[in-house]
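Here's the structure we're looking at; comments come further down.
The values are calculated or read from the model by the stated rules, or taken from the named source; none is laboratory data. In this text the structure is predicted, and so the values were computed from the model without any measurement. Note: ideal-geometry Cβ built from the backbone for every residue, glycine included; neighbour counts use all protein chains shown. What goes into the accessible areas is simple: the full protein's heavy atoms, side chains included, and nothing from ligands, DNA or RNA. Shrake-Rupley method; radii C 1.70, N 1.55, O 1.52, S 1.80 Å.
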Amino acid sequence: MKTALQGLFPEELKALCQSAGQPAFRGTQLWQWVQVQGATDWAQMGNLPKALKDALAATHTPEPARILTESGESGGTRKWLVGLDDGESVETVLIPARDRNTVCVSTQVGCRMGCAFCASAKCGFARGLSAGEIVAQVHLVAAALGKRPDNVVYMGMGEPFDNYDEVLKSVRLLNHPEGLNIGARRITLSTSGVVPGIRRLAGEGIQVELSVSLHAPNPELRRRIMPIENKYPMDELLRECADYTAKTKRHITFEYTLVKGVNDSPRDAEELAGRLRRFPCRVNLIPLSPVDEFKGEAPSREAMEAFLRILENRGVEGTLRESKGKGVDAACGQLRRRSKPASG
Ligand code: SAH
């Protein structure tokens, strides 16, 4: 596969041009085209010599990702099936709000985590995305919007910390002051609980937001819905989260998908609050969005609000998220699932 230009820092583009026998400033021009103008075609890059473009085109591409299909609700969530160079596809979602536009990017084709209610794993795992394929998703949305998105959340298909190096590189590229310049605090990494990834992130010195998908108040229940509990048990995970908040002075958001009769009882809320009270965090409650492969439903609004009140009464801050994009097969791997039959 060709290397995506969107995945290279200015210094790397300069070195690339120099290795093709051209001066370093050509690399700066390339960066401008790709990261500032959002170019996806060599033909757009009018100020670059044809010989350079021809030489680079053998190994590099300005279009590592393209839109295959779009679905959306008017004025609401828009979702794209995005095709990659090797024929694989992932999903990218735009969640507009009154004052900001949030892009949800995928980090892998499929996922290895196998969470019970998530569609991303159901058609198998192919590979991790390159940094350029991740950055290119944000450019696709910027082009569709006609402006730079405000926030980026790594909550599409895949487990970001199962593809750590490319994901972190994509964060630094999106955050680059001479590129899209998306503030680190406007970038959220979401993990199912890959402990070594949390530890590494704590040492990066970058102010991104961290979300951890917990979904259960105790290890026994978590094991039933998240196989990762067998590898990184909840106690170890929460210890790592506490260390992260101490080291970075930043809080953590715990994602908690509410499933009726599974993890939504008042006792579950009490137990969850008891475990989370000891460090700076908040809980983001998400009603289950229906997926074909998982028999379960979201609790009633009242039950979810009652769950939230118990957390808050016990000193744990929480929010109840409206599930967005139901009409477009929300951000849970369902679009790719529709386009590709299950492999297992
Ligand atoms: N792998 C990462 C990021 C991707 S998923 C992670 O696990 O955090 C983003 C969030 O959506 C996760 O919290 C995930 O558990 C949740 N999710 C997946 N399927 C869902 C569904 N059907 N309904 C509600 N939330 C879901």
Simple label model, 7 Å out from Cα along Cβ direction - E270 to A143, nm: 5.5 nm
Beta bridge orientation in the range 65-328: antiparallel %, DSSP, nearest 5: 45 percent
Gyration tensor verdict on the range 3-61 (Cα atoms; rounded if a/c is under 1.5, prolate if a/b is larger than b/c, oblate otherwise): rounded
Distant-in-sequence amide H partners of R127 (H built 1.01 Å from N, under 5 Å): V109
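For a distance above 30 Å, tell me the whole-number percent of Cα pairs in the range 65-328 that qualify.
Details: 8671 of 34716 pairs.
More than 30 Å apart: 25 percent of the Cα pairs in the range 65-328.
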Per-peptide average of other Cβ atoms within 10 Å, ordering 280-291, 121-132 highest first: 121-132, 280-291
Long-range HN-HN contacts of R282 with modeled amide H, under 5 Å: I252, T253, F254
Alpha-carbon centroid distance for the pair the range 76-145 / the range 237-286, whole angstrom: 26 Å
Accessible area of the chain belonging to carbon and sulfur atoms, whole % at 1.4 Å probe: 48 percent
Accessible area per residue in Å² at 1.4 Å probe, computed on the chain: 42 Å²
